[in-house]
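This report concerns only the one structure given below.
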Amino acid sequence: MATKTKGEVKVPVEVTKDKIRDTYMQYCLENNQSPQSVYLFAKQLGISEKEFYEHFASVEAIEKSIFLAFHHYTIQLIRESGETLDFKEQLLTYYFTFFELLTANRSYVMLALNGNKNKLAGLLKLKPLRDEFKSFIAEASEGYEKVQHEKLRKVQQQALEEGGWIQLLLTLKFWMDDDSAGFEKTDLFIEKSIRATFDLISYTPLESVLDFGKFIIKERFR
């Protein structure tokens, strides 16, 4: 356990996963890179390597857990609200809450996902998030209108989960490129993309799909 000196007495400081994550993010921002080894990072924390491995298997594992922690906290906030939300409302609430958390930690997120020239390395940090986000979609869509044929229903469910993940990645990319005050354009992107998605799911594309398409063209090709 780490200790800090208070006068002549060394006071034990509890080291938790959250503490390690916070220190890791701070280290990355101050040094513009991740720690080069577990040994050096454990030394920064004031703990032994053995104590570090009780929480994480590697430095890379911390990186992956940070985005997963954002997801967990988002789900926690949704559940603590006590509101009964349908699938669409849950998804909208998730997006706005999740991106609010990302915005509060934007400097780290940009460094983590843009700091490596290998874009695949950035995506690998999101793999644990992908798995749990898909589980969230599966749970939130429980009871949502499905086609009657069993095989088609399975295909539809897979499309909901995989499509939901792709949509989250697209929104993440849009947010990273967004230069509007308060990231207002990202809020619009979320509203329009989810509305268009649900119209497509319901087989009624209507005006929202065209509206979303116009929005994308305007923002990307202006």
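The values are calculated or read from the model by the stated rules, or taken from the named source; none is laboratory data. Source: prediction; values computed, not measured. All Cβ positions, glycine included, derive from the backbone under ideal geometry; neighbour counts span all protein chains shown. These accessible areas exclude ligands, DNA and RNA; they are computed on the full protein's heavy atoms, side chains included. Shrake-Rupley method; radii C 1.70, N 1.55, O 1.52, S 1.80 Å.
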Quick check: pseudo-label points 7 Å beyond the Cα along Cα→Cβ at TYR73 and ASN105, how many nm apart are they? 0.6 nm
Excluding ligands, DNA and RNA, what is the solvent-accessible area per residue of region 51-131 at a probe of 1.4 Å, expressed in Å²? 53 Å²
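For SER81 and ASP22 in the same chain, what is the full-extension length gain: residue separation times 0.36 nm, less their Cα-Cα distance, in nm?
Gain in length upon complete extension: 18.7 nm.
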Cα-Cα over 28 Å, subset of LYS43/LYS125; LYS50/LYS173; LYS134/LYS218; LYS17/LYS154: LYS50/LYS173; LYS134/LYS218; LYS17/LYS154
What's the extension gain from LYS43 to PHE96 if we count 0.36 nm per residue and subtract their Cα-Cα distance? 15.4 nm
Rank by packing, highest mean first: peptides 81-91, 64-74, 124-134, 104-114, with packing defined as the count of other Cβ atoms within 10 Å averaged across residues. 64-74, 124-134, 104-114, 81-91
For the peptides 159-167, 95-103, 14-22, what is the packing order when you average, over each peptide's residues, the other Cβ atoms within 10 Å and list the highest mean first? 95-103, 159-167, 14-22
